[in-house]
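Below is one structure, written out as structure tokens; comments come after it.
The values are calculated or read from the model by the stated rules, or taken from the named source; none is laboratory data. Owing to the predicted nature of the structure, the values given are computational and were not obtained by experimental measurement. Here Cβ is always computed from backbone atoms with ideal geometry, including for glycine, and neighbour counts include all displayed protein chains.
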Amino acid sequence: MTEISGTTSITGIIGYPLTYTLSPYMHNAAFKELDLDYKYLPFVVEERQLGAAIGGIKALGISGINVTMPHKENVIPFLDELSSEARRMGAVNTIENDSGRLIGHNTDGIGFLKSLEDQLYSVVDRNVVVIGAGGAAKAVAFAVADAGAESLTIVARNKSKADALKDKIYAYSHNLSVKTLSITDDLADIMLVGELIVNATPIGMKESGYLLPVPLDLINERHIIFDLIYTPLETAFVKEASKRKAKAINGLGMLLHQATAAFEIWTGISAPVETMRKALLDVLESGDQSRYAKQKSR
Ligand code: NAP
């Protein structure tokens, strides 16, 4: 189904400035693959228009919306209901329009876990180290707590943010031991215990150069290195960890699976994962995303 008809269901993404979204490629490829009468569109929404835009979801009968920066938290007061994940994270990345009732979800945590599963890993009984204490770190930390990790250490440049995240986790679960460290502390002991090491900072993104979130000599073949970054696909962390015989995973799978989870919330149908993965890889490899970004920022 490629045409828009009188019955086409509309989905999409709101954000500002919405320059780097890959979601339209994944979702439209999935709708096409399954011959579903759906389309996914980008909506550039400024902060002052957020309430009106959310009202528009109801008024226009839009089926589902992804939410990205800077609206993930500010969107909450405009919604009717939150999933348990979205409530405890205080952030929404997916809105479901259930017959006029807007339900906020957060699929980043499940995206992280499914991506690990794809690589045949689980967090059960593992000692996990998360570097960063922002939105993505929060999603990973709660997912790790839910999924039965042995311990979690949050390492942040601002230790008070790591402590605040630890308190939030303890408010929901006392089942795992949570520690916090500053990124400038000696990380040798924690890297010795740590098995799954997650970079949830932008250190290593194209703009930040060839930098590592932890000292190179602390990485070894016992580690599973998970860098949430997907541009570039191979960060310095992924590259150097592979050289040191650690298992290294990039952020592409998490990006893919937060989208497959949103797709399933909106349609009730299993997502065509491989079609969506291919759409993502194709656009990243072709550079189309930068053309898209230029169009949107005009
Ligand atoms: P965020 O909310 O802005 O949080 C970023 C975190 O990194 C904060 O704790 C920040 O510390 C810390 N940080 C930033 N620069 C740093 C530096 N130079 N040294 C040490 N710490 C630094 O961002 P986010 O949404 O969590 O995203 C974090 C990363 O994950 C980004 O690279 C993003 O692309 C990636 N991500 C990937 C996926 C995926 O699906 N694969 C999903 C979400 C995010 P302060 O609080 O002190 O600023």
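Does Lys159 count as surrounded by fewer than 13 Cβ atoms within 10 Å (Cβ to Cβ) and basic (Lys, Arg)?
So Lys159 fails the test.
Would you confirm, using the coordinates I've provided, whether Thr260 is of a type in the set (Ser, Thr, Tyr) and either within 14 Å of the chain's Cα centre (by Cα) or crowded, with 20+ Cβ neighbours inside 10 Å (or both)?
Taking the combined requirement at face value, the residue satisfies it.
Residue check, Arg222 against (1) at pLDDT 95 or above; (2) touching a Ser or Thr at 6+ places or on another chain (Cβ under 9 Å); (3) not polar (S, T, N, Q), all met but one. Which one?
The single condition Arg222 does not satisfy is (2).
Filter segment 188-207 down to residues that are over 19 Å from the mean Cα position of the chain (by Cα) and assigned to a helix (DSSP H, G or I) and give me whichever is nearest to the ligand (Cβ to nearest atom).
Taking the candidates together, the pick is Glu207.
Run Ile10 past the list (1) on the phi > 0 side of the Ramachandran plot; (2) modelled with pLDDT of 95 or more and report the number of the one that doesn't hold.
Failed condition: (1).
Only one of Asp185, Asp217 is of a type in the set (D, E, K, R), assigned to a loop (DSSP other than H, G, I, E, B) and either without any contact (Cβ under 8 Å) to a residue 40 or more places away in the chain or within 13 Å of the ligand (Cβ to nearest atom) (or both); which?
Exactly one residue qualifies, and that residue is Asp185.
Quick check on my filter: what residues within segment 11-20 are out of contact with any Pro (no Cβ under 6 Å at 6 or more places or on another chain) and more than 14 Å from Thr94 (Cα to Cα)?
Once the filter is applied, which keeps residues that are out of contact with any Pro (no Cβ under 6 Å at 6 or more places or on another chain) and more than 14 Å from Thr94 (Cα to Cα), segment 11-20 yields Tyr16, Pro17, Thr19, Tyr20.
Among the residues of segment 220-244, how many are within 10 Å of the ligand (Cβ to nearest atom) and of a type in the set (Val, Ile, Thr)?
Matching residues across segment 220-244 total 3.
Could you grab me the full set of residues in segment 145-158 that are closer than 22 Å to Glu73 by Cβ, at pLDDT 95 or above and not in a loop (DSSP other than H, G, I, E, B)?
Answer for segment 145-158, where residues must be closer than 22 Å to Glu73 by Cβ, at pLDDT 95 or above and not in a loop (DSSP other than H, G, I, E, B): Ile154, Ala156.
Of the conditions (1) touching a helix residue (DSSP H, G or I) at 6+ places or on another chain (Cβ under 8 Å); (2) closer than 20 Å to Tyr20 by Cα, Glu47 fails just one. Which one is it?
(1)
Of (1) more than 11 Å from the ligand (Cβ to nearest atom); (2) in contact with a Leu (Cβ under 6 Å, 6 or more places away or on another chain); (3) modelled with pLDDT of 95 or more, Lys179 satisfies all except one. Which?
Single failed check for Lys179: (2).
Restricting to segment 221-257, and then to whatever is under 13 Å from the mean Cα position of the chain (by Cα) and farther than 14 Å from Lys114 by Cα, can you tell me which residue is surrounded by the fewest Cβ atoms within 10 Å (Cβ to Cβ)?
Filtering segment 221-257 for residues that are under 13 Å from the mean Cα position of the chain (by Cα) and farther than 14 Å from Lys114 by Cα, the one surrounded by the fewest Cβ atoms within 10 Å (Cβ to Cβ) comes out as Tyr230.
Which condition from (1) assigned to a loop (DSSP other than H, G, I, E, B); (2) surrounded by 14 or more Cβ atoms within 10 Å (Cβ to Cβ); (3) within 16 Å of the ligand (Cβ to nearest atom); (4) of a type outside the set (Val, Ile, Thr) is the one that Tyr210 breaks?
(2)
Are any residues in segment 17-50 touching a His at 6+ places or on another chain (Cβ under 9 Å) and buried (at least 19 other Cβ atoms within 10 Å of the Cβ), and if so, which ones?
Once the filter is applied, which keeps residues that are touching a His at 6+ places or on another chain (Cβ under 9 Å) and buried (at least 19 other Cβ atoms within 10 Å of the Cβ), segment 17-50 yields Tyr38, Lys39, Tyr40, Val45, Leu50.
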